[in-house]
Amino acid sequence: EAGVAQSPRYKIIEKRQSVAFWCNPISGHATLYWYQQILGQGPKLLIQFQNNGVVDDSQLPKDRFSAERLKGVDSTLKIQPAKLEDSAVYLCASSLDGGAPVPPLHFGNGTRLTVT
Amino acid sequence: AQKITQTQPGMFVQEKEAVTLDCTYDTSDPSYGLFWYKQPSSGEMIFLIYQGSYDQQNATEGRYSLNFQKARKSANLVISASQLGDSAMYFCAMRPTHSGGYQKVTFGTGTKLQVIP
């Protein structure tokens, strides 16, 4: 099966500019996650979708970050305007719904964002 | 609330030796799954191994095994016969077990493993 697809792979922007990341999950995976990973740290959940509904966006800086998953398949994460501290790798992951055994998250290759 | 603690920021191991990476967790969920992921310098997160909280036996996947001690709330990853390609960041993660609703996934801060030739 095809894995989680993310684009772009790298992005360099200046502060105050806007940027968008795209993610296409594994076919049939209802749950989609966006994580922010700052260098040397663990992934931090930004937003979690189940189908096209948001189940957790408690750590999403909503004044500058937005995300959508309109048809319950692919998703877009946007930052506007970007700040220097947004420099990080943005990871998209998808999974089947819960139950036992608990399904693992499958990750894309990530987008490395550098804000100058 | 869920919490994952990885107390070893960095570890060294000699090639061909075994190494244990520590993970302790805290949760109020009665049923959950524990995962280990490997993140090489290239950045992708690779799923390694899974342990269910009600599984009677410790999970094994090739050279990876999980030393699960439920009473102590620990889920340590054991890598046997280390290889140079095992050098990477390793993350422990947890997800509750229930269908539907919200299954929050919590990650630890990671352990950087370096295998020495």
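The values are calculated or read from the model by the stated rules, or taken from the named source; none is laboratory data. Owing to the predicted nature of the structure, the values given are computational and were not obtained by experimental measurement. Cβ atoms come from the backbone with ideal geometry, glycine included; neighbour counts cover every protein chain shown.
Quick check on my filter: what residues within region B:10-31 are within 14 Å of the chain's Cα centre (by Cα) and among the hydroxyl-bearing types (Ser, Thr, Tyr)? Scanning region B:10-31 gives B:Thr20, B:Thr24, B:Tyr25. Taking region B:76-117 as the range and being of a type in the set (Gly, Ala, Ser) and within 13 Å of chain A (Cβ to nearest Cβ) as the test, the residues that pass are B:Ala93, B:Ser99, B:Gly100, B:Gly101, B:Gly108, B:Gly110.
Cβ separations smaller than 9 Å between residues 6+ apart or across chains give the following pairs from region A:76-89 residues that are buried (at least 20 other Cβ atoms within 10 Å of the Cβ) to residues that are acidic (Asp, Glu): A:Leu77/A:Glu68; A:Ile79/A:Asp86; A:Ala82/A:Glu14. Of all the listed residues (B:Gly43, B:Gly62), the sole one being more than 25 Å from A:Leu45 (Cα to Cα) and small (Gly, Ala, Ser) is B:Gly62.
Please give the strands (runs of 3 or more DSSP E) falling wholly within region A:15-75 in which 1 or more residues are closer than 22 Å to B:Phe107 by Cα and either within 14 Å of chain B (Cβ to nearest Cβ) or in contact (Cβ under 8 Å) with a residue 60 or more places away in the chain (or both). First the steps, then the outcome.
On the way: elements: A:19-24, A:31-37, A:44-50, A:53-56, A:65-68.
Filter on region A:15-75 gives A:19-24, A:31-37, A:44-50, A:53-56.
Would you mind stating whether B:Tyr54 is of a type in the set (Phe, Trp, Tyr), modelled with pLDDT under 95 and farther than 14 Å from B:Asp22 by Cβ? Yes.
With the requirement that a residue be under 29 Å from B:Gly33 (Cβ atoms) and surrounded by 14 or more Cβ atoms within 10 Å (Cβ to Cβ), what does region A:62-75 give you?
Selection gives A:Phe65, A:Ala67, A:Glu68, A:Arg69, A:Gly72, A:Val73, A:Asp74, A:Ser75.
Residues of region A:6-53 that are among the aromatic types (Phe, Trp, Tyr) and either surrounded by 20 or more Cβ atoms within 10 Å (Cβ to Cβ) or closer than 28 Å to B:Thr5 by Cβ (or both): A:Phe21, A:Tyr33, A:Trp34, A:Tyr35, A:Phe49. Answer yes or no as to whether A:Val89 is facing another protein chain (nearest Cβ under 8 Å), in contact with a Lys or Arg (Cβ under 8 Å, 6 or more places away or on another chain) and over 18 Å from B:Met94 (Cβ atoms). Yes, satisfied.
Taken together, the criteria exclude B:Ser31 from residues that are among the small types (Gly, Ala, Ser), under 22 Å from A:Gly108 (Cα atoms) and either surrounded by fewer than 16 Cβ atoms within 10 Å (Cβ to Cβ) or out of contact with any strand residue (DSSP E or B) (no Cβ under 7 Å at 6 or more places or on another chain) (or both).
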